[in-house]
Structure formats: structure tokens, C-alpha cells
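Take a look at the structure set out below.
The values are calculated or read from the model by the stated rules, or taken from the named source; none is laboratory data. Keep in mind that this is a model prediction, so the values were computed, not measured. For neighbour counting, all protein chains shown are included, and Cβ atoms are generated from backbone atoms with ideal geometry for every residue, glycine included.
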Amino acid sequence: MRSEALHTLRELDARAGDGIHVRLLWSEHGERALVAVADEKTSDAFAIEVPEGVNALKVFSHPYAYADDSRLVYSADE
């Protein structure tokens, strides 16, 4: 099931700076937006589901501000 879900992700935008990579993704399967973050320096990585009613570009611009309050889809710590 996981591989099926991954094949339905479409990258809408991406940015990188100071070793931190942020991707805005659209899940066709779940019809929802996700923001994935990967830090090359610390090897930390997580993905969060954009909360309903929240502008996805705001989460894309400030993912760490939403990380604690949003549904965590993936974390390298788990």
C-alpha cells in the first residue's frame, strides 16, 4: 500500500537552502497536500499533512512552525 501511495505523489514546488530541502507535494490518492522536509546536516526528515483550511504555501514557507500542530505523516525519528 505504501508504494502505491508514493506513486501518486506529485511535486508542486521545491526549495533548498543551508542543507534543508523542502518539497510541496500533492497526493492524488488522498487528495491532500503534504510538505516534506529533509535536513542534510542532521539527517532529520519529516512530512506533514497540510491542515484543512490552511494555505499550503504557508506551510511550505514555514514547515517547522506547523510541524508540532499538524498530522505527522513521516518522521525519521520513528
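Tabulated data for the structure shown
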| read-out | value |
| --- | --- |
| Test: residue in the range 63-75 that is modelled with pLDDT of 95 or more, aliphatic (A, V, I, L, M) and in contact with a strand residue (DSSP E or B) (Cβ under 9 Å, 6 or more places away or on another chain) | no |
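To keep it simple, each residue is scored yes or no on (1) more than 15 Å from Arg10 (Cα to Cα); (2) touching a residue at least 24 places away in the same chain (Cβ under 8 Å); (3) not in a helix (DSSP H, G or I).
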site: Arg23; (1), (2), (3): no, no, yes
site: Trp26; (1), (2), (3): no, no, yes
site: His29; (1), (2), (3): no, yes, yes
site: Ala33; (1), (2), (3): no, yes, yes
site: Ala36; (1), (2), (3): no, yes, yes
site: Thr42; (1), (2), (3): yes, no, yes
site: Gly53; (1), (2), (3): yes, no, yes
site: Lys58; (1), (2), (3): yes, no, no
site: Tyr66; (1), (2), (3): yes, yes, no
